[in-house]
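Read through the structure below, which is laid out as structure tokens, and then see the notes.
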Amino acid sequence: MKLEEYQGVWVFIEQNDRVIEGVSLELLGAGRKLADKLNVSLAGVLLGEGIKPLASEVITGGADEVYVIDHPVLKDYRTESYMKCIMLLAEKYKPEIFLYGATPNGKDLASAVATDLNTGLTADTTMLDVDVDNRLLEASRPAFGGNIMATILCKKHRPQMATVRPKVMKALEPDTARAGKIIEETISLAEEDMRTKVFQIVKDVTKKASLAEAHVIVCGGKGMGDLQNFGLLYELAETIGASVGGTRDVVEAGWLPHHLQIGQTGETVTPKIYFAVAVSGAIQHVVGMKNSEIIIAINKDPNAPIFDVATYGIVGDAMEIIPKLIEEFKQVPINQGGEISYA
Amino acid sequence: MHIVVCVKQVPDTKIIKINPKTNTLDRRSAPAILNPYDAHAVQEAVKIIEKTGGTISVLSMGPPQATAVIKKSIEIGADRGYLISDRAFAGADTLATSYALSKALERIGKDLPVDMVICGKHAIDGDTGQVGPGIARRMDIPPVTNVIEVTEVNEQEKTVLIKRKSTNGNELIQADLPCLLTVEKEINNIEYSPLPNMIKAVRYEPVIWTVADLENVECTQLGLKGSPTIVGKMFTPPKPEGGKRLEGSSDEQVKQLMGILMEKKELLTLQSSK
Ligand SMILES: Cc1cc2nc3c(=O)[nH]c(=O)nc-3n(C[C@H](O)[C@H](O)[C@H](O)COP(=O)(O)OP(=O)(O)OC[C@H]3O[C@@H](n4cnc5c(N)ncnc54)[C@H](O)[C@@H]3O)c2cc1C
Ligand SMILES: Nc1ncnc2c1ncn2[C@@H]1O[C@H](COP(=O)(O)O)[C@@H](O)[C@H]1O
């Protein structure tokens, strides 16, 4: 393998129902930095049916080029059809770095592609950098249950591939003045050759409407003591129009269902305001919420690690503070922001 | 129907401790367990075979102690177990792991053709979820990941109807057999093991293969040599500074916080009606 034949940073642009996933735009932001450092171009790979119009969004999002394959068989994501396209493009154009969102479909695709390209793939990356001298991608991810970070390298194989967790990288402001090239490729795919068929897609509307998209989150920890006290947080959330989430310990105690768990093994959230109430701030929790805009921590232990990530910290007893906060918010007239709502 | 479930022995990361000085695992701190997702994979195989009849094999790659997870799988209801264990496999990343497991699957399939392979969604130590799709590619069978329900197995038509979690919802998919599934925990509940299974498990001796027992193996693709990825460095994530601590009595702190939040109103989408 001649490593120097491989050039350029690529991002797989995941679209569902002709809407580009947020993580793909985030990766264009992260990929832009890598490409600039390496002094190469950044390209997006866009697959699907009737998706050509999305190509301009990929360019305004930061790409210099977009490779597009538009085909009826690509209507719904399927490993076999999508990977065929990726193989065709990657073998023809030879990118040196190739990033995918760590979504169910992105991970599925990247794992299959890595096997056929016989190259390395780092899963669930949360930090990306590149060593300019040896052109190595430094993909770092939590290891051993999140207690430490490991930087994974792929020295002798190309492309260097990684899946990256949603909501840890930053998308660029869309720049409509950006110019880029759209490169259309064709592929022959026949529905009869497919060994999988997608019959039906039931969109998950509930999840989208709750934590991942919430603008304000009240997250409770084990320090709330019991289920009844935890109820205080619902009251606060209701007063300000927030969503309720919890730590793993809270979920394990049975105070909340699993889909409301925030952290490494739960949801990653980036609300505008995040209340962490009686949450110690374990690293596995923090990775799932640290990109919130304002973090307000309420904890009776002044040394709790949550204060290290908090924008504002209150040392005190939640049972005392929360009822007072509820009272205060109830005083605020609606038109002054008594309803902190996330619509 | 012959289902092979890939099962891995993992340290229980819930209790694992890291030595803060050396950044290495304190292995003694963590008991070795059957990867929780793989337990659900075995359970799902049991559920399928209850309807179709047939055989469940489990396959693991690891050190000799990994026979423990095969025994555990027998308790849940597997019929046979295979362990591939050899120094040549050591240090494998996901690419080399899927290669070795697919070679073992080839060997298993010689005695009894494989109709379905089931893996866990991911292993809680490696946490990648890449091995399952990798095996599927190497066997050239369709992978279906993040499965939450096996709705129907049609042995005549050689198809299976599956629900999977996709990026924006759930999908109902039909896949041709043989295929490979990776399963989520919510696919089933682990049942209590029937007594005969427990007794069988105690006495059970899995088949143990070394590299020499597998056919057409390219040794350059195994273990450390066959792994394109390496760990460059380990580090504890940089500790953030933290922000402002509010001071005073609880009343004063609450008042201060309210003041701050009302100033930051531009961050909030204000809505005046419910
Ligand atoms: C592999 C792995 C994955 C994990 N994934 C996740 C994950 O996704 N999400 C997650 O959250 N955790 C996860 N964890 C668990 C994590 O390590 C912590 O154990 C967990 O986050 C702690 O939850 P907690 O803060 O609610 O409880 P605790 O750590 O028990 O903290 C309770 C806090 O409440 C405070 N407190 C007590 N009483 C009061 C009071 N009256 N008023 C104010 N403060 C009070 C205490 O000072 C303490 O700081 C994971 C762990 C592992 C090993
Ligand atoms: N050493 C192994 N032996 C058997 N099965 C494995 C092994 N490693 C991974 N697997 C299977 O692949 C799945 C995903 O693992 P991973 O890709 O490491 O997260 C696991 O749930 C197992 O089903």
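Search the range A:308-318 for residues being under 16 Å from B:GLN256 (Cβ atoms) and open to solvent by 10 Å² or more (accessible area, probe 1.4 Å), and hand back the single one that is farthest from ligand 1 (Cβ to nearest atom).
The residue in question is A:THR311.
Checking the condition free of Cβ contacts under 8 Å to residues at least 24 places away in the same chain, among the acidic types (Asp, Glu) and under 30 Å from B:ASP140 (Cα atoms), which residue from A:GLU192, A:GLU184 passes?
A:GLU192
Kindly indicate whether B:GLU186 is open to solvent by 20 Å² or more (accessible area, probe 1.4 Å), part of a helix (DSSP H, G or I) and either within 11 Å of chain A (Cβ to nearest Cβ) or within 16 Å of ligand 1 (Cβ to nearest atom) (or both). Even if it seems obvious, please write down each step before you answer.
Working: open to solvent by 20 Å² or more (accessible area, probe 1.4 Å): yes; part of a helix (DSSP H, G or I): yes; either within 11 Å of chain A (Cβ to nearest Cβ) or within 16 Å of ligand 1 (Cβ to nearest atom) (or both): yes.
Spelling it out, B:GLU186 is indeed open to solvent by 20 Å² or more (accessible area, probe 1.4 Å), part of a helix (DSSP H, G or I) and either within 11 Å of chain A (Cβ to nearest Cβ) or within 16 Å of ligand 1 (Cβ to nearest atom) (or both).
For the subset of the range B:94-124 comprising residues that are touching a helix residue (DSSP H, G or I) at 6+ places or on another chain (Cβ under 7 Å) and in a loop (DSSP other than H, G, I, E, B), which member is farthest from ligand 2 (Cβ to nearest atom)?
So the residue we want is B:VAL114.
Can you find a residue in the range B:127-139 that is near ligand 2 (Cβ under 10 Å from one of its atoms), in contact with a Leu (Cβ under 9 Å, 6 or more places away or on another chain), under 22 Å from B:GLY81 (Cα atoms) and at the interface with another protein chain (Cβ under 7 Å from one of its Cβ atoms)?
Checked against the condition, which is being near ligand 2 (Cβ under 10 Å from one of its atoms), in contact with a Leu (Cβ under 9 Å, 6 or more places away or on another chain), under 22 Å from B:GLY81 (Cα atoms) and at the interface with another protein chain (Cβ under 7 Å from one of its Cβ atoms), the range B:127-139 yields at least one hit.
Tally time: how many residues in the range B:104-136 are away from ligand 1 (no atom under 16 Å from the Cβ) and either crowded, with 23+ Cβ neighbours inside 10 Å or aliphatic (A, V, I, L, M) (or both)?
Residues meeting the conditions: 16.
How about the range B:80-93: which of its residues are open to solvent by 30 Å² or more (accessible area, probe 1.4 Å), part of a helix (DSSP H, G or I) and touching a helix residue (DSSP H, G or I) at 6+ places or on another chain (Cβ under 6 Å)?
Taking the range B:80-93 first, the residues open to solvent by 30 Å² or more (accessible area, probe 1.4 Å) are B:80, B:86-88, B:90-92.
Add one more test, that the residue is part of a helix (DSSP H, G or I), and what stays is B:87-88.
If the condition is that a residue be open to solvent by 30 Å² or more (accessible area, probe 1.4 Å), part of a helix (DSSP H, G or I) and touching a helix residue (DSSP H, G or I) at 6+ places or on another chain (Cβ under 6 Å), then B:ALA88 is the only one that fits.
Could you check, for the range A:221-233, whether at least one of its residues is within 12 Å of ligand 1 (Cβ to nearest atom), outside the structural domain of A:SER111 (by TED's automatic domain parsing), surrounded by 20 or more Cβ atoms within 10 Å (Cβ to Cβ) and part of a loop (DSSP other than H, G, I, E, B)?
yes
Can you tell me which residue among A:GLU91, A:GLU138 is assigned to a helix (DSSP H, G or I), surrounded by fewer than 23 Cβ atoms within 10 Å (Cβ to Cβ) and among the charged types (D, E, K, R)?
None of the others qualify; the one that does is A:GLU91.
Provide a single number: the residues in the range A:183-204 that are open to solvent by less than 70 Å² (accessible area, probe 1.4 Å) and in a loop (DSSP other than H, G, I, E, B).
Summing the residues that are open to solvent by less than 70 Å² (accessible area, probe 1.4 Å) and in a loop (DSSP other than H, G, I, E, B) in the range A:183-204 gives 7.
Out of all the residues in the range A:278-295, is one or more within 11 Å of chain B (Cβ to nearest Cβ), more than 16 Å from A:LYS167 (Cβ to Cβ), buried (at least 24 other Cβ atoms within 10 Å of the Cβ) and touching a residue at least 60 places away in the same chain (Cβ under 8 Å)?
No: the range A:278-295 contains no residue that is within 11 Å of chain B (Cβ to nearest Cβ), more than 16 Å from A:LYS167 (Cβ to Cβ), buried (at least 24 other Cβ atoms within 10 Å of the Cβ) and touching a residue at least 60 places away in the same chain (Cβ under 8 Å).
If you check B:ILE173, B:ILE162, which single one turns out to be under 19 Å from the mean Cα position of the chain (by Cα) and not charged (D, E, K, R)?
None of the other options fit; the residue is B:ILE162.
What about A:VAL309, is it touching a residue at least 12 places away in the same chain (Cβ under 8 Å), more than 7 Å from every other protein chain (Cβ to nearest Cβ) and closer than 19 Å to A:ARG248 by Cβ?
Working: touching a residue at least 12 places away in the same chain (Cβ under 8 Å): yes; more than 7 Å from every other protein chain (Cβ to nearest Cβ): no; closer than 19 Å to A:ARG248 by Cβ: yes.
No; evaluated as a whole, the condition is false for this residue.
The values are calculated or read from the model by the stated rules, or taken from the named source; none is laboratory data. Please read these numbers as outputs of a predicted model, since none were measured by experiment. Every residue, glycine among them, receives a Cβ derived from its backbone with ideal geometry; neighbour counts consider all protein chains shown. Calculation scope for accessible area: heavy atoms of the full protein, side chains included, ligands and nucleic acids excluded. Shrake-Rupley method; radii C 1.70, N 1.55, O 1.52, S 1.80 Å.
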